[in-house]
Amino acid sequence: MRVDPRKYLFFLVWAVSISASSPALAQGNREIAIVFDGSSSMAGRMEGKIKLDIAKDALSEIVKDIPAGSRVALRVYGQRFSVDEKEKSCQDSEAIYPMGAVDAESFARKVASIRARGYTPIAFSLTEAVKDFTGEEGWKRFIILVSDGLETCGGDPCQVARDMQAAGAPVVIHGIGFSVDDKAREQLTCIAEATGGKYFDARDAGGLLSSLQTIAKKEREPAPAPPAKPPPPSPAPQKPEYLPPPQKTRFGKEIRGGRYYEDAVPIAPGQYRLDHDLRVDEYDYFKIAVKNGQQLRVQYTTPDEGRPSAGALIHTADRLSVTADATLNTRSKTGAVSMELFDKGKDPLDFYILIGNKYEPQSKNALIDVFLDDHFDGGSQGDAGPKLESALEVKAGEYESNWLSRGDVDTFKMGAEPGQVVHVKAMPAGERSHMELIFYNEDREKLGGFSSKDRGAAVKGNAKVPEGGVYFQIKHGVSSDASTSYRMKVEVMAPK
C-alpha cells in the first residue's frame with residue numbers, strides 16, 4: 001500500500017491538539033517543539049520522491065492545522081555540516097524557528113531553507129529541544145521527533161528520554177519514522193514510550209489512523225462522575241519510593257564474519273555487534289557491493305563497559321586498504337571510516353569491511369553501523385564521473401539531488417540541436433562551497449567557463465551548442481573541496 005507521509009505530521013499535530021482539549025488545558029496552552037531530521041540520509045528517496053522534500057511539504061502544510069493559542073518551535077539537526085565534519089555535525093542542532101505563535105509565511109521560509117547534509121545527533125537534539133520551551137507555568141509541552149534512522153553520533157536518545165522523566169521534566173515525546181528499519185523503529189519507540197508518547201510509522205497509515213481515532217474518542221467523551229466516597233483514612237508513613245536506576249539499551253543484530261577475505265560474509269546496511277570478542281590484530285571479514293555514486297560508511301562505537309576499544313577498515317577487492325587504521329580506546333566514543341565510488345568502469349564493485357583493530361582487544365559489545373548512501377547525479381542511478389567519454393546524458397529539466405565528492409568532477413552531455421543555447425545553473429547545499437561550470441565541445445575544446453561569485457552561491461552560465469552536442473562539467477572551485485550536494489537546472493533556448 002502506497003502512503004503519503006505528509007499525513008503523519010498532520011495527524012500527529014492533530015493528536016497533540018486533541019490531548020490538549022482536556023478541561024485543565026481548555027485555554028489552548030500548549031508548546032510544541034518539532035525536532036526535524038536534516039541528516040544526509042534524508043536526501044534519499046521514498047516512493048520515488050526525495051524524503052526531505054516530502055517532509056518539508058508536510059511541515060509547510062500543517063501550520064494552518066496547529067490549534068490557535070499554541071506555541072511552536074522548529075529545530076533541525078544535521079543540516080549545517082557535512083559528513084566530512086563529524087565532530088561539528090554531531091553537535092549540530094539549531095532552533096531555526098524559536099518558540100512562539102506561528103507566522104505561516106515566516107515558518108514556511110524556514111522550512112524551505114532546510115538541507116540534508118550530516119549525521120543524526122538525536123540524543124543531543126532532544127537535550128537541546130528542552131531549552132526551546134519557555135518554562136512558563138500552565139503550559140503542556142510536547143516534542144515531535146522526526147527521523148529516518150538511528151542515532152549516528154554515539155549518543156543514547158532513549159536514555160536521554162528516561163533521564164528527562166527521572167528529572168521531572170513534564171515533556172511528552174512523539175516520534176515519526178520515515179521509512180525506517182527495525183532497529184530505528186525500536187529506538188524511536190523507546191524514546192516515545194519513555195515519556196508517555198506514541199511512535200507513528202510511515203509504513204502503516206491504517207494503524208496510525210485507528211490509534212488517533214481511539215485517542216480522539218477517549219478525549220472527547222466526558223468521563224462519568226465518580227460516586228461520592230467518604231474521606232480516606234490518613235495513610236501510614238511510608239518510605240519514599242525512588243525510580244530504578246536507568247538501564248542503557250544496546251541495539252544491533254549479532255553477527256559473525258569470516259576469518260579472512262576468502263570466506264568474508266556478505267553484509268547489508270544496518271546496525272550490528274559481533275557475537276564474540278576479538279584479540280589484538282584479529283578481524284572479522286565482511287563484504288558489500290558498492291555502485292558508482294554510492295558512499296560506503298562504517299561507524300564504530302566503543303562500549304560503555306568492558307574493553308573500551310573499537311575499530312574498522314575498508315579494503316578493495318584487491319585487498320588494498322582505502323582507509324587509514326582507525327581505532328578508538330575510550331568508552332562511549334564513535335569513529336567512522338568511509339569511501340565513495342565514482343568513475344569506475346565495472347559497476348558495482350565488491351569491498352571488504354574489516355572489524356577489529358591491531359592495537360587492543362575488541363569487545364563484542366562495540367556497535368557497528370554500516371551505511372550505503374546514494375550520491376547519484378542527474379536523476380540517474382549512478383555517478384556523472386569526470387570524463388567526457390563517459391558523460392551522463394541529461395535533458396532539459398530540474399535535478400534536485402546531485403552530489404559532488406571531494407576531488408570529484410561531474411560531467412554531463414546535453415544533446416540539443418546545433419545553434420541552440422544551453423543554460424545551466426547549479427546551487428550547492430553547503431554555504432561554504434565554491435563551484436565552477438565549464439562547457440566543452442566533443443573535441444574537448446573549452447567553450448566557456450563560469451564561477452560562483454561567493455561561497456555558497458549558485459554557479460550559472462550558458463553556451464551555444466556546436467555540432468556533436470555540448471558537454472559541461474561542474475566541479476569544486478579553487479577555494480572549496482568539501483563534498484556537497486547540489487541542485488541543477490538545465491534549460492535549452494533558441495538563439496536570440
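The values are calculated or read from the model by the stated rules, or taken from the named source; none is laboratory data. Source: prediction; values computed, not measured. Cβ coordinates were reconstructed from backbone atoms using ideal geometry, including for glycine residues, and neighbour counts include every protein chain displayed. Heads up: the accessible areas ignore ligands, DNA and RNA and are worked out on the full protein's heavy atoms, side chains in. Shrake-Rupley method; radii C 1.70, N 1.55, O 1.52, S 1.80 Å.
Sort 321-329, 269-277 for me by packing, meaning the mean count of neighbouring Cβ atoms within 10 Å per residue, highest on top.
Details: 321-329: 15.3, 269-277: 17.4.
So the peptides 321-329, 269-277, ranked by packing, come out 269-277, 321-329.
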Kirkwood Rh and Cα Rg combined as Rg over Rh, evaluated for region 336-428 | 1.14
Could you list which residues have their amide H under 5 Å from that of LYS333, counting only those 5 or more apart in sequence or on another chain, with H placed in the peptide plane?
-> THR302
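Summarise the accessible area of region 344-496 (1.4 Å probe, protein heavy atoms) by the percent that is carbon and sulfur.
On the way: 3290 of 7320 Å².
Using a 1.4 Å probe with all protein chains present, region 344-496 comes out at 45 percent carbon and sulfur.
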Along principal axes, largest first, the alpha-carbon spread of region 60-157 in whole Å comes out as 41, 29, 19
Hey, got the Cα dimensions of region 360-496 along the principal axes, in Å, largest first?
-> 68, 30, 25
Computed ³J(HN,Hα) along region 414-428: with the Karplus parameters 6.51/-1.76/1.60, θ = phi - 60°, integer Hz and x for glycine or proline, the list is 10, x, 7, 6, x, x, 6, 10, 9, 10, 10, 9, 10, 10, x
Inter-probe distance in nm under a simple model that places probes 7 Å from Cα toward Cβ, at LYS131 and SER106 = 2.1
Sorted by chain and then number, the residues having a modelled amide H within less than 5 Å of the amide H of GLU282, at least 5 places away or on another chain, are ASN357
Determine the sum of side-chain charges near ARG331: Lys and Arg each +1, Asp and Glu each -1, restricted to other residues whose C-beta is under 10 angstrom from that of ARG331.
-> 0
dims of region 247-393, Cα set, principal axes, largest to smallest, nearest Å -> 54, 33, 23
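Could you grab the relative contact order for region 257-394? Cα pairs under 8 Å, six or more apart, rounded to a whole percent.
Numbers: 362 pairs, mean separation 47.7, N = 138.
Contact order relative to length: 35 percent.
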Too long at a 21 Å Cα-Cα cut-off: which of LYS425/LYS475; LYS56/LYS333; LYS86/LYS291; LYS51/LYS253?
-> LYS56/LYS333; LYS86/LYS291; LYS51/LYS253
